Amino acid sequence: MGKWADGKTLSNKSWGLLKENKYFLWFPIIGLLLALIPLALFGGGALVLAVEEINVWAIVVGFVGLIFVNFAFTVSGAAMVAAVDEELSGRDSTIGYGFGKAFGRLGPLLVWSVIRAVVSTLLGLLRGNNNGGTAIAGNLLAAIGAAAWSIITFFVTPYIMLKGLGAVPALTASVHMVKEKWGTQVTGGVRIGLRLLVLVLPAIALIIGGIFLLSGSGASVSLGLVLLVVGVVVLMISALLSAALQSIFSVALFHFTTGEGDYGPFTPEELNGVLTKK
């Protein structure tokens, strides 16, 4: 099979594993709920400071909040990696097992959250608030940087959780693996992404339509609000599915590329089909 066909097979099996273990979806949901705590505390504090024009402290508090929002998602993602690892190895896992493993790695996960917050802040600054050509160039560079960052960090969490590495060594190892096996997650990731477009595109259309109707009056405002809420909910569902599927995909590929662990429903031939050795 070609790479595109292999990617399709991997994506199909990732969806199949998710259907068999629907509890996987609780990990990103719990991460979202945990993220609301620092978002409310630090976000609210930063907003109050900004209103009082205490801008320096508003930035500091906002950045600390960003770290802990990242931390919430990082911990839940790490918990899912641990659970997926168990399921691929033929052992039943649970939400409690996953979070128990993640809590045992809070130090490296916190450091990784700080690194992620710094990078996301730098990319945000690159976008900036400029107009015209400068804004287009900044947004383009930020988009390229975000895409590259997501690729080279694809295996960081598996390295932290399954190899016991610290955040920086895990990042270094992930970058090295991507260089050695370029294409590892790209083909299957594209297939997963295309399926999720079935949810994402209608969600975006609903949100845009809702915002448009909210500018009207009477019944159109109520309809606009309904469309906006439905669109946001559908978009959140697609994000939850994406997080779960990417975790399954990353652990299976991590096992294969490191030569350790079981692959669950995936075969070595399928996994090897999306690798590109340099």
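The values are calculated or read from the model by the stated rules, or taken from the named source; none is laboratory data. This one's a predicted model, so the numbers in the text were calculated from it and none came from an experiment. As a convention, Cβ positions derive from the backbone with ideal geometry for all residues, glycine included, and neighbour counts pool all protein chains shown.
Pairing residues of the range 1-24 that are at pLDDT 80 or above with residues that are part of a loop (DSSP other than H, G, I, E, B), at Cβ distances under 6 Å and at least 6 apart in sequence or on separate chains, gives LYS13/PRO265; LYS13/PHE266.
Identify, please: which residue in the range 152-170 is surrounded by fewer than 18 Cβ atoms within 10 Å (Cβ to Cβ) and hydrophobic (A, V, I, L, M, F, W, C) and is, among those, nearest to PHE256 (Cα to Cα)?
ILE152
Given (1) of a type outside the set (A, V, I, L, M, F, W, C); (2) within 19 Å of ALA173 (Cα to Cα); (3) within 22 Å of the chain's Cα centre (by Cα), where does TYR263 come up short, assuming only one miss? Condition (2) is where TYR263 drops out. Among the residues of the range 139-158, those identified as of a type in the set (Val, Ile, Thr), assigned to a helix (DSSP H, G or I) and under 16 Å from TRP112 (Cβ atoms) are ILE152, VAL156, THR157.
State whether the residues of the range 30-45 include one that is modelled with pLDDT under 95, within 21 Å of PHE266 (Cα to Cα) and assigned to a helix (DSSP H, G or I). Working first, answer last.
Residues of the range 30-45 modelled with pLDDT under 95: 30-45.
If we keep only those that are within 21 Å of PHE266 (Cα to Cα) too, we end up with none.
No - not one qualifying residue is present in the range 30-45.
Out of ILE211, ILE192, report the one residue that is modelled with pLDDT of 80 or more and of a type in the set (A, V, I, L, M). Full working, then the answer.
On the way: ILE192 fails: modelled with pLDDT of 80 or more.
Unique residue meeting the criteria: ILE211.
Apart from one condition, LYS277 fits all of (1) surrounded by fewer than 17 Cβ atoms within 10 Å (Cβ to Cβ); (2) modelled with pLDDT under 75; (3) under 25 Å from PRO28 (Cβ atoms); the exception is (3).
Would you check if there is a residue in the range 88-96 being surrounded by fewer than 20 Cβ atoms within 10 Å (Cβ to Cβ) and part of a helix (DSSP H, G or I)? Within the range 88-96, one or more residues are surrounded by fewer than 20 Cβ atoms within 10 Å (Cβ to Cβ) and part of a helix (DSSP H, G or I).
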